[in-house]
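Please read the structure below before turning to the comments.
The values are calculated or read from the model by the stated rules, or taken from the named source; none is laboratory data. Note that the coordinates shown come from a computational prediction; the quantities given were computed from them, not determined experimentally. In this analysis, Cβ positions are derived from the backbone assuming ideal geometry, glycine residues included, and neighbour counts consider all displayed protein chains.
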Amino acid sequence: MSGVRATIFDFDGVLADSEPLHFRTFAAVLAEEGIRITQDSAGTRYVGVSDREAFELAFLDHGRGSLTPEACGMLLARKSRLYRGGLAEVELFHGARELLLEARRRGPATIASCALRGDIEGVLDRHGLRGAFPRFVSADDVSRSKPDPECFLRALDILREEGPRDLSPRDCIVFEDSTRGVEAARRAGMRCVAVATSFRAGELRAADAVIASLAEWRWPD
């Protein structure tokens with residue numbers, strides 16, 4: 001892990017303990033459409049993908065066929081309204097604030113997430129961290145979800161504009177919590193630390209390192 005010059009954070013499940021709220025509001029919207037899922041039945045099927053892809057998967061999984069862009073947009077809007085209504089319960093993970101502030105002290109840092117921009121901004125605002133990430137990558141900025149590396153490569157563009165222009169993917173360290181995110185980081189040519197908050201540690205072994213909590217992380221000298 002030596003030679004790290006920039007940091008990229010996934011958001012939900014890494015910095016913000018928001019996956020339970022995401023799942024609950026996602027399931028609530030699906031229930032309104034006659035699709036019933038539980039955390040036990042869904043497992044990690046919808047973790048690490050954008051809300052758009054999650055709804056598309058759910059409809060296909062339950063024999064409802066493909067969603068039109070218009071129908072999917074309505075589902076996204078309903079889910080986002082429910083999610084933002086529950087923001088008061090979303091806390092940062094232990095060690096998250098300290099880690100991201102230290103990352104910014106060491107060099108450029110940003111977020112690359114499959115979540116909607118407004119959902120991310122709501123959590124950052126609640127915890128007084130909006131200023132720490134004036135620019136970041138959200139689902140609104142990409143056309144392909146993880147494990148495609150598009151979001152991380154777009155984040156690299158931001159990092160190059162904020163810091164050294166000669167940053168390479170290998171100079172970047174990514175903090176992720178999903179198997180799809182780990183694969184996306186590797187496909188982007190970046191090093192990856194996986195946090196075992198959403199998946200078991202053994203499922204994340206493709207990462208360069210696996211930790212149980214952000215508080216465990218120690219920066220390489």
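Tabulated values for the structure
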quantity	calculated
Which numbered condition R64 misses (of (1) closer than 27 Å to A196 by Cβ; (2) more than 19 Å from the chain's Cα centre (by Cα); (3) in contact (Cβ under 8 Å) with a residue 24 or more places away in the chain)	(1)
Test result for I120, closer than 19 Å to R52 by Cβ and assigned to a strand (DSSP E or B)	no
Residue ID - modelled with the lowest pLDDT, chosen from residues in the stretch 123-156 that are of a type in the set (A, V, I, L, M, F, W, C) and assigned to a loop (DSSP other than H, G, I, E, B)	F133
Test: E89 is exposed (fewer than 14 other Cβ atoms within 10 Å of the Cβ) and within 20 Å of the chain's Cα centre (by Cα)	yes
Check on V182, among the β-branched types (V, I, T), touching a Leu at 6+ places or on another chain (Cβ under 9 Å) and without any contact (Cβ under 8 Å) to a residue 24 or more places away in the chain	no
Output for the stretch 28-54, where each listed residue is of a type in the set (G, A, S) and surrounded by fewer than 20 Cβ atoms within 10 Å (Cβ to Cβ)	A28, A31, G34, S41, A42, G43
Qualifying residues in the stretch 135-191 (those that are of a type in the set (S, T, N, Q) and in contact with a strand residue (DSSP E or B) (Cβ under 9 Å, 6 or more places away or on another chain)) - the one surrounded by the most Cβ atoms within 10 Å (Cβ to Cβ)	S178
Selected residue (criterion: nearest to F199 (Cα to Cα)) from residues of the stretch 1-10 that are surrounded by fewer than 23 Cβ atoms within 10 Å (Cβ to Cβ) and not polar (S, T, N, Q)	M1
Subset of the stretch 92-110 that is under 15 Å from the mean Cα position of the chain (by Cα) and either not small (G, A, S) or not assigned by TED's automatic domain parsing to the domain that holds D157 (or both) - its residue that is surrounded by the fewest Cβ atoms within 10 Å (Cβ to Cβ)	F93
Top-ranked residue of the stretch 75-86 - restricted to ones that are of a type outside the set (D, E, K, R) and loosely packed, with under 13 Cβ neighbours inside 10 Å, ranked as nearest to L21 (Cα to Cα)	G85
